[in-house]
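K.L.:
One structure is given below, represented as C-alpha cells, and several questions about it will come after.
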Amino acid sequence: MAFPQPRPQVPQLPQHLLRTIECQQGAVRAVRFNADGNYVLTCGSDKSLKLWSASRGTLLKTYTGHGYEVLDVDSSFDNSQLCSCSSDKTVILWDVASGQVTRKLRGHAGKVNCVQFNEEATVMLSGSIDGTVRCWDTRSRRYEPIQILDEAQDGISSLKVSEHELLIGSVDGRVRRYDLRMGQLHVDFIGSPITCVCFSRDGQCTLSSSLDSTVRLLDKSSGEMLGEYSGHVNKGYKLDCCLSDKDTHVLSCSEDGHVYFWDLVEVSLTLKLPVGKAVVQSLSFHPTEPRLLTSMEGHVQVWGAEPETAAVEDS
C-alpha cells in the first residue's frame, strides 16, 4: 500500500516590505539582482549606476561614465564585471571591484534599452531603439560588434539570453527567438508593442508583456498560448514582467502603483502588492528565494516572504 504523497507547499510570495532604499540617483530606470541575488544594481536617470548590499541596503559602489540616463544593467556570473546601457547610445563594460570602465562601445544609432551577458560573460548583447541587437566580444580589444541582428521592424525593448537561445521583444509587436545553435529564427506575433520578455526558469516557455496591458505565456516549442494575464495597467511605459523563482507565479509591474502576481496555471490574480502611488517601473525576482525588488521614482523596495524581524534573528 502506497502512502499518499505529501501536499506540495504553498509557494511563499514576497509580500512583506523589508526595506526601502533611497537611491539618490534621480528616477530609478531599472533595478536588478546580480547573478546570485546577494547584490542589487540600480540604474539612475542621473547617469549613474549603483551597487548595493541586498541584505542591508547599503551602498557599496557608484559607477559613473555614461553621458545620459542609464536604462539597464546585467552582472556576470562571477560578479567581476557589469554591463550597462544608456540613452547616450553606448554600452559600457565595467570592472566591478575598481569601478573603472573596461570598454565603452559605440555603434547604436539611438538609445540602448536593454543589455545582457551570455552565461559565460564572453559576449554582451545590447538592444536599441534603432531596431538592432548588437553582440560584443568582452575579451577582445575590438570596438566593432561581432554580429548585428536587424530583423526587427522597430525598436528593441527587451532581450534575454539563455544557453544557446536569444529572446528579443520589439515595439513592432513581435517576440523573436533565435536558436543560435541551429541558426534558426522563430517569430511570435503579439500585435501590441512588447515591453518585456523573459524565459521561464525551466526554459520551456516564454513570457512577454505588451502595451495592451496583457502578459502572455507561450509554449516555446509549439508557440501555443498557455495563458493571458491581465488586470494591471501597461499602456505607456516600458514595464518589467517576470516569473517567480520556481515558475509558480507570473509577475508584472503596473502603472497603478502595484505589482500583480498571477497563479501561472490557474491564470488567476493571487496578489496585488501595493508599492506606492506612482508607476512601478521595474522589478527583479531573486534567483533562488522568494524575494523581490521593485523600483518607483527614486526608491527601491526590497520584499520578502517573511517580515524582517525573523530575517534579522537568523543572520
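The values are calculated or read from the model by the stated rules, or taken from the named source; none is laboratory data. The model shown is predicted, which means the values in this text are computed figures rather than measured ones. Neighbour counts run over all protein chains shown; Cβ positions are idealised from the backbone, glycine included. The area values use the complete protein model at the heavy-atom level, side chains included, leaving out ligands, DNA and RNA. Shrake-Rupley method; radii C 1.70, N 1.55, O 1.52, S 1.80 Å.
K.L.:
In whole Å, what is the distance between the alpha-carbon centres of region 274-298 and region 30-87?
P.N.:
If you average the Cα positions of each part, the centres end up 15 Å apart.
K.L.:
A further question follows. Got a sec to turn the phi values of region 236-253 into Karplus ³J(HN,Hα) couplings, 6.51 cos²θ - 1.76 cosθ + 1.60 with θ = phi - 60°, whole Hz, x for Gly and Pro?
P.N.:
Going residue by residue, I get x, 10, 7, 10, 8, 10, 6, 10, 5, 4, 10, 6, 8, 9, 9, 10, 8, 5 Hz, with x marking Gly and Pro.
K.L.:
Per-residue counts of other Cβ atoms within 10 Å, averaged by peptide: what ranking do you get for 235-248, 140-153, highest first?
P.N.:
Highest to lowest by the protection proxy: 235-248, 140-153.
K.L.:
So, in Å, what gap is there between the alpha-carbon centers of region 198-231 and region 143-157?
P.N.:
Using only Cα atoms to place each centre, the spacing works out to 23 Å.
K.L.:
Residue by residue through region 145-157, what is 3J(HN,Hα) from phi via Karplus (6.51 cos²θ - 1.76 cosθ + 1.60, θ = phi - 60°)? Round to whole Hz and write x for glycine and proline.
P.N.:
x, 7, 7, 10, 9, 10, 6, 5, 8, 8, x, 8, 9
K.L.:
Can you give the Kirkwood hydrodynamic radius for region 16-304, in Å, rounded to one decimal and based on Cα pairs?
P.N.:
Over region 16-304, the inverse of the mean reciprocal pair distance is 18.6 Å.
K.L.:
Considering amide H positions built from the backbone, and no H for Pro or chain starts, which residues 5 or more places from CYS114, or on another chain, come under 5 Å of its amide H?
P.N.:
Placed amide hydrogens put GLY127 under 5 Å from CYS114.
K.L.:
Within 10 Å of each candidate Cβ there may be at most 11 other Cβ atoms; applying that plus a DSSP loop requirement, which GluC sites (Glu not before Pro) in region 205-314 survive?
P.N.:
GLU224, GLU266
K.L.:
Separate question: Of LYS104/LYS238; LYS111/LYS246; LYS47/LYS235; LYS50/LYS220; LYS89/LYS160; LYS104/LYS220, which pairs sit farther than 31 Å apart, going by alpha carbon to alpha carbon?
P.N.:
As for pairs spanning more than 31 Å Cα to Cα, those are LYS111/LYS246; LYS50/LYS220; LYS104/LYS220.
K.L.:
Just to make sure I understand: if all protein chains stay in place, what is the order of GLU289, GLU69, GLU22 by accessible area at 1.4 Å, largest first?
P.N.:
Greatest to least solvent exposure: GLU22, GLU289, GLU69.
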